[in-house]
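Report on the following structure.
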Amino acid sequence: MSISFNSTASVPKNTHSIHILHGPNDARFLPLEPKVRRDLQERLKKKEDYICVERLGIQNHVLLVGKISDTPLYMRLESIRKSGVEINTRLNKGKIEAVFLAGEDSEMMLALAEGLALSNYQFLKYRKDRSEKSNTLKKVTFHGPITGPEITRLKARLNGVYECRDLVNEPLSYLTAPQLAKEIRRIGKTAGYKTEVLGKKKLESLKMGGLLSVNLGSVDDPTFSILEWKPKNAKNKKPIVLVGKGVVYDTGGLSLKPTANSMDKMKCDMAGAAMMIGTMASISQAKFPLHVIALIPATDNRPGGNAYVPGDIVTMYDGTTVEVLNTDAEGRMLLADALTYAKKYDPELVMDAATLTGAASGAIGKYASCVMGTAEESDFKALEQSGYHTYERVARMPFWDEYGKEMKSDIADLKNIGGPTAGQITAGKFLEHFTDYPWIHIDIAGPAYTTSQDSYRGKYGTGYGVRLLSDMLWNKAFPPKPELPKKKRAVKK
Ligand code: BES
Ligand code: ZN
Ligand code: ZN
C-alpha cells in the first residue's frame, strides 16, 4: 500500500535499515558481526557489486544487487529497483512497518525506494481478507544526500503509478466511461490539475463521430475528459497535449474478439488513458513548470443496441469518412477524434498512448511500447532516453508512406484496418491523418498489463508509462546538461 517518505540526519541504532554500499569504506560503520563485515568488505573491494544490506533487527542480511563494472547506469538503476521486491518480501515476513534507507548516491536510493514502493502496491479493494493480506511497509526514512524536492517528485511519481494501476485494475462493473470521468475529477482535486468533462449531448453537437459510433452498442454514455495543468511559471508557450485511449472494456463489438480468452484482460483497454491520468497527477502534484493538457475519450466497445457494424461509413469529428471493416479496431476511431480536438490548442507536441494493437505486443512483447510519429528527432531521443532511465523502454518503428497507403478505402476517405502485417504501424498511419502538429504515438498493448508477476511491475496493471512521461517532461522543463566532450589525449611525437 502507499508509503510515506521523509528524511533524517542520522539512523538510530537497532532499527530496521537498508544500506546501499559502493565501496569497502561504506561498510565500516555498519552494525555488523565482525565476520560479516569482513566478508562484505572483501566483496566490495573487488568492486564487483552494489551491495545492499538490510538489518531487520534479528539478523543481518547481505543482498547482491548487481555488477557495477562496465554496467551502464540505467541497468544498475533497474537492478536496484528489482532488489526492492526481495526486500519487500522480507519486510512482510517480519511484519515490519518502517525502515531507514541509507546511502551516498541519491539516484540509487531513489531507485530502491521506487522498487520498494512499487512492489508494495496491492489491489485488494474487492477482497474480504484485505486487512490480513495487506503488505506491512508504511514508512521509509532516507538518510543521505536526498533533497526535499526529490522526495516530493518521488511521492508524486509513485502516486501517479498507483492511480494508474488502480484504474487499469478496476473492472467494467465499476469503471464505466462516466465513472472514469468521476475518477479523473477526484484525482485532479488532490493532485492539482483542472478537469472538464464533455458529455454525450456535447459530443453529439460537436459531431464526434468516431467516439459516438463506438459507443452505439453501449448502455453507458461516452465521456470526453479534458485535464489541464497550467502553472503561472510554465516554461512552454504552446501546451504539450497528451491523449489516452479510454476504452473501458473491449469485446471487439460485433466483430467479437475471436481468440479464446483474449477478452479476459480487456478491462485494460483504458491503460493509455490511465497512463495519461497518472502522468497528469504526477506532474501537477509535483508542480512541474509546464503547461500540459490531457484528453481522454472514453466508452466501452460492445455489440448490442444500435452497435456500429462492419461496412458502416462513419463521419469523423474532422469530417473525414471512415469505412469500418472491423469494429474491434475501435481505439483508433476515438483517438482520431481526440487528436483532431488537440488541434485547437496549437500544441508544441502531442503524445498519445493506447493499448491499440495486438500487433504491437506480437512484434516486441511486454518489454517495451512501439513508438512512431512525426515529432522532432530530439523528442524521440528524449523519450528513448527516459525509457532507459525509468526502464519503461520504447522501440521506434519505421513510419514510411507505404504503410499509410494500406489505410485507403475505395468507398470512403479511409478504412479502419490495414493489411495482415505491421498492424501497429498501419494503425499509427490511420491516426497520423488526424494530426497537423508534431506528434508521437505510443502503442502500449505489450507492457501495460501482465497476467503473471513481473518483478516490481507486479501482476495485472503495471502502471507502464507514468514514470516514462514524468521523466521525459521533467527533462523538458529542466534539460539535462549535455555531457562534456572527453578531453583528447596528448599525442606523443
Ligand atoms: N484493444 C485491442 C488491442 C489489444 C490487444 C490490447 C491485446 C491489449 C492486448 C484493440 O482494440 C484491437 O482489438 N485491435 C485489433 C485491431 C485489428 C482488428 C485491426 C487487433 O490488434 O487485433
Ligand atoms: Zn478492439
Ligand atoms: Zn481496444
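Rule-based calculations on the coordinates, nothing more; no lab input. Since we're looking at a predicted model, the values are computed, not measured. Every residue, glycine among them, receives a Cβ derived from its backbone with ideal geometry; neighbour counts consider all protein chains shown.
For ASN25 and ASN261, what is the calculated FRET efficiency with R₀ set at 56 Å and r taken between the beta-carbons, to the nearest 0.05?
Working: r = 55 Å, r/R0 = 0.98.
Computed FRET efficiency for ASN25 and ASN261 comes out at 0.55.
Positive end of the dipole of the chain, charges at C-beta (+1 Lys, Arg; -1 Asp, Glu), about the Cα centre: which of GLN285, ALA382, ALA360 has its Cα farthest in that direction?
Ranked along the dipole, the leading option is GLN285.
If each DSSP helix of 4+ residues adds -39,500 (n - 2.57) and the sum is divided by the residues in the chain, what number results at 222 nm, nearest 500 deg cm²/dmol?
Details: 15 runs with 177 residues, N = 493.
The helix contribution divided over the chain gives -11000 deg cm²/dmol.
How big is Rg to Rh over the stretch 280-348, alpha-carbon atoms, Rh as the Kirkwood inverse-mean-distance radius?
Values: Rg = 16.0 Å, Rh = 14.5 Å.
When Rh is taken as the Kirkwood radius, the ratio is 1.11.
May I ask you to compute the full-extension gain from LYS93 to THR315, defined as 0.36 nm times their residue separation minus their alpha-carbon distance, rounded to one decimal in nm?
Fully extending the segment from LYS93 to THR315 adds 74.1 nm.
Fewest first, what order do TYR437, TYR121 take by the number of other Cβ atoms within 10 Å? Write down the numbers at each step before the final one.
On the way: TYR437 17, TYR121 25.
Ordered from fewest to most neighbouring Cβ atoms within 10 Å, TYR437, TYR121 come out as TYR437, TYR121.
On a straight-distance basis, which lysines could pair with LYS232 in a cross-link, Cα separation under 19 angstrom, same-chain partners fewer than 8 positions away excluded?
LYS189, LYS194, LYS287, LYS476
Could you state the per residue volume, in Å³, of the convex hull enclosing the Cα atoms of the stretch 156-477? Mind dumping the intermediate values first?
Numbers: hull volume 37.2 nm³, N = 322.
Convex hull of Cα atoms, per residue: 116 Å³.
Distances over 27 Å make up what percent of all Cα-Cα pairs in the stretch 292-440? Let's see the in-between values first.
Numbers: 2382 of 11026 pairs.
The answer is 22 percent, as a whole percent.
Using amide H atoms built in the peptide plane, which far-off residues or other-chain residues are under 5 Å from TYR449 H to H?
Those qualifying (amide H under 5 Å, at least 5 residues apart or on another chain) are THR462.
Straight-line reach from LYS125: which aspartates and glutamates have a Cα under 12 Å away, not including same-chain ones fewer than 8 places off?
In chain and number order, the partners are ASP166, GLU170.
Diagonalise the Cα gyration tensor of the stretch 74-158 and give the resulting equivalent ellipsoid semi-axes, square root of 5 times each eigenvalue, largest first, whole Å.
Ellipsoid semi-axes (Å, largest first): 24, 13, 13.
List, largest first, the extents of the alpha carbons of the stretch 409-490 along their principal axes, each in whole Å.
Largest first, the stretch 409-490 extends 67, 38, 29 Å along its Cα principal axes.
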